[in-house]
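Please read the structure below before turning to the comments.
Each reported figure results from applying straightforward, stated rules to the coordinates on display, with no laboratory input. Here the structure is a predicted model, which is why all the values come from computation and not from measurement. Cβ coordinates were reconstructed from backbone atoms using ideal geometry, including for glycine residues, and neighbour counts include every protein chain displayed.
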Amino acid sequence: MHWKSTTIKLSYVCVSHPFEYAIGDAPLGMESNEDTTMFPFGKPSDPIDLFDALYDLEKPREEWRSRVLKSAGAAFDQGLGIGMVCYDVSGLMPCIESMQEHNVPGNGMWNGAERYHKPEWARSMVKSYRTITFATLNEYISDTEFRAELRRFYEPVGIRDAVMINGLDPSRLGCALYIFSAGMFRITPAKRQLLTRIATHLSTAYRLHRRLERTVDAILAPSGKIEHAEKTASSNDSLSRLAGAVKMREWARTIPGRRDSDRSTEAWKPLVSGRWSLVDRFERDGRRYITACENAPAPTGIGLLSPRERQVAALAELGRSNKFIAYELGLGHSTVRVLLARAAAKLGVRTRIDLINLIRLFRATSLPLES
């Protein structure tokens, strides 16, 4: 593994913290005119193994990224490697916190990033990270000139296509996985749903890892039994929801759960009641407990709205559908629909598009919408 520890600026792309490489000796692959179907799982447990890696808080950030990349590679690698980028697109130009790749020929991630040397290409990268949950190369590179530049670079090493799975948070700090292929990706509707779920877990887990202090509001046994609860999680409704979420999460890890990636990933929600992420904790005697850690997405600064209304509005602004806002926050679909309707009414707009445009205007200009 090779490390670069200095801060590097790639013209219009800010790069901070070490870049990491874990480049193996996998074959470069052959050109193919055949479609490549996403997710040819070697074993049914791969999505759940990835979720386990994402919520492993016992490891430092660098080791966490390495484990996530390894688990993602076991699930997705098409023979031309996989990469991971942690980024900040809160400003006009992208800032890359870290980048890691495994088995990508020609240092593809690093050399690909170096090609963002034109400001319009860097802005295209910001737009993609801010608005796309997952996409193929043709979809996440909107600038045709830049897409042609990337294809010219990738062609000699056998890469014809790539898929980005983007875990974007309302803070605009996120984490993305890239899967490279010698063939063109063809993603079925069922796999699109799975990709979206994985993207929401990427976002939620990365937000949890960025927290300097983690508040544990409850401790549960794998059976769902409540071992301890703080006042913030002591209501009967909260305890019931946490116990139910633990049981569903444990079922997803079973052999029957692992055989059905659709049901298991549906069972394992990123958040419980829009507030808590479930994280394993092991005691010295080997016993395992599940902690409920406060991990709600930071709401936007629109003071007229309640915190929960701001949460769902911020996720809608990222392009999430009601269905996946409900999945990410662990809420009911009808609850999300009502919260968005309330937010629109309070801000004096009638449609979802108008609500999203108003939030984007607020982000761009810092207008005091609370007044």
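Quick rundown of the values:
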{"read-out": "Sequence of 223, 71 once ranked by neighbouring C-beta atoms within 10 Å, starting from the fewest", "value": "223, 71"}
{"read-out": "Lys, Arg +1 and Asp, Glu -1 on Cβ, resulting dipole of segment 307-365 about Cα centre, debye, nearest 20", "value": "80"}
{"read-out": "Gap separating the Cα centres of segment 117-143 and segment 265-308, nearest whole Å", "value": "30"}
{"read-out": "Loop trypsin sites (Lys or Arg not before Pro), segment 233-274 (other Cβ atoms within 10 Å of the site Cβ: 13 or fewer; DSSP)", "value": "259"}
{"read-out": "Greater than 29 Å apart at Cα, pairs in 191/225; 247/323; 70/191; 118/323; 70/269", "value": "191/225; 118/323"}
{"read-out": "Rounded, prolate or oblate (a/c below 1.5 giving rounded, otherwise prolate when a/b exceeds b/c) for segment 93-169 by Cα gyration tensor", "value": "rounded"}
